[in-house]
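Before I ask anything, let me first share the structure, which is written out below as structure tokens.
Computed from the coordinates by the stated procedures, all read-outs in this text should not be read as laboratory data. Because the structure is predicted, anything quoted here is derived from the model rather than measured. Here the Cβ positions follow ideal geometry from the backbone for every residue, glycine too, while neighbour counts run over all protein chains shown.
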Amino acid sequence: MKKYNFTVVIEKDPDTNLYVGEVPGFAGCHTQGETLDELMQNMKEVIELCLETGKEHKIKLPQFVGIQQIEVTA
């Protein structure tokens with residue numbers, strides 16, 4: 001089996017207090033968890049499902065480029 005590495009963007013939802021993770025550019029590849037450990041276990045399962053579905057539909061995997069911050073006054 002081929003091994004893959006993905007970047008997971010993690011945020012904490014202030015309303016639910018849950019950690020929310022997603023793989024940028026990989027549609028539908030997101031989940032949540034009460035702890036970081038639970039989130040990462042859930043992410044692993046979701047990524048595996050997304051890869052399986054992607055093979056069936058010949059979806060190209062995203063290439064992570066980076067994260068940048070921008071300041072905005074509102």
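Could you identify which residue out of Lys58, Lys12, Lys44 has the top mean-square fluctuation in a GNM of the chain using Cα springs shorter than 10 Å?
Top of the fluctuation ranking is Lys58.
Please give the helix 36-57 orientation as an angle from the longest Cα principal axis of the chain, in degrees from 0 to 90, rounded to the nearest 10.
40
In percent, what relative contact order does the chain have, based on Cα pairs under 8 Å that are 6 or more apart in sequence?
Values: 76 pairs, mean separation 15.7, N = 74.
Value for the chain: 21 percent.
If I model a spin label as a point 7 Å beyond the Cα along the Cα-Cβ vector, how far apart are those points for Val9 and Glu45 in nm?
Simple spin-label model gives 2.4 nm for this pair.
So, one more: Could you work out the local net charge near Ile67, counting Lys and Arg as +1, Asp and Glu as -1, over the other residues with Cβ closer than 15 Å to its Cβ? Intermediate results must be reported in sequence, preceding the final value.
Numbers: positive: none; negative: Glu11, Glu22, Glu71.
Combined, the nearby Lys, Arg, Asp and Glu give -3.
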